[in-house]
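Structure first, then comments.
The values are calculated or read from the model by the stated rules, or taken from the named source; none is laboratory data. Here the structure is a predicted model, which is why all the values come from computation and not from measurement. Every residue, glycine as well, gets a Cβ built from its backbone with ideal geometry; the counts of neighbours run over all protein chains shown. These area figures cover heavy atoms from the full protein model, side chains too; ligands, DNA and RNA do not enter into them. Shrake-Rupley method; radii C 1.70, N 1.55, O 1.52, S 1.80 Å.
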Amino acid sequence: MYSPHVRREAVSLIDSGISCAEVSRRTGINRSTLRTWFLDRSLVDRYVGTDLCPRCEPVPVPPRRTDAYGYLLGLYLGDGCLTPAGDPTKGVWRLRVMCSDTWPGLIELCAGSMAAIRPDHRVSRVPSTGCTEVHSNWKHWPCLFPQHGPGRKHDRAILLEPWQRAVVEEHPEQFVRGLIHSDGSRVLNRIRRTLPDGGVRFYEYPRYHFTNVSTDIVGLFTEALDRLDIAWKVHVSRREPRYRDKHVVSVSQRDAVARMDAFVGPKY
Ligand SMILES: [Zn+2]
């Protein structure tokens, strides 16, 4: 799949008199594909699926509110998706994020970040059991979330575009916060200790868990933690059914948990 930008450039080379064979050698695009574009210009400008739209290519303009985008990117990679909104030929997409009721304030944070990126635009909330879907319709969501593609996120490579990496590097806390709010949890580990006098005491240790099947997404999460100097551990659990074959990252050191509490909050 080539973007309109790439297609247009290849065809302009042919137009300038360079042979299809030579353009194929230079671009790596096969010759018959080049010939098809050359003969049918409507294919060159066609906007398909997840291509950047003509307004955004070759690179979309990163949203001005990069903090809101960093957070929303975390939410999207964790538990968000894009689906066509209404008539698919209109090219309008719906960004949908499932917000679990376990994080108080999440629904408003999620809706607020969508609104910050797309001001004066409707953000809807659809309550369901245990969670609320927050969504917003826009033509440019696939441009801002080029990770969208067919199938499930863990079946394909999830790589960030350079401009997205820049946002994540600028706002690692917002990115980690978004990922934790969508695919993470803050849990209390209860430990039973027998005291020297025979009495029993319980200690509670808070820790954060992040669970995702995509190794790429787990990698983005741990990379951001490294940037924040927050200690983490990862393991693949085969015993606990809830976590089977998923990659679980835990943050459990006391100072690391305190750092996370400072920006992931609310605490419970
Ligand atoms: Zn666009």
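So the values come out like this:
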quantity	calculated
In degrees, nearest ten, helix 172-183 long axis to first principal axis of the chain (Cα)	80
Selected from Ala111, Ala231, Ala21 as most flexible by GNM, with the chain as the system and alpha-carbon contacts under 10 Å	Ala21
Local electrostatic count, Gly80, Cβ distance below 12 Å [Lys/Arg +1, Asp/Glu -1]	0
Within a Gaussian network of the chain (alpha carbon springs, distance under 10 Å), most fluctuating of Pro104, Pro206, Pro88	Pro88
Gap separating the Cα centres of the stretch 124-155 and the stretch 158-235, nearest whole Å	23
Residue-averaged [θ]222 nm for the chain, counting only DSSP H segments that reach four residues, each worth -39500 (n - 2.57)	-12000 deg cm²/dmol
Global geometry of the stretch 131-183, whether rounded, prolate or oblate, following the gyration tensor of its Cα atoms and the 1.5 cut on a/c	rounded
Gyration tensor (alpha-carbon) shape descriptor, the stretch 181-264, a/c threshold 1.5	oblate
Cut-off under 5 Å, modelled amide H: who pairs with Glu133 long-range	Cys99, Val126, Ser128
In degrees, nearest ten, helix 215-227 long axis to first principal axis of the chain (Cα)	70
Pairwise Lys count, the chain - Cα closer than 30 Å, eight or more residues apart or different chains	9
Heavy-atom accessible surface of the stretch 181-264: percent carbon and sulfur, 1.4 Å	46
Using alpha-carbon coordinates, inclination of helix 66-79 to the longest axis of the chain, degrees	80
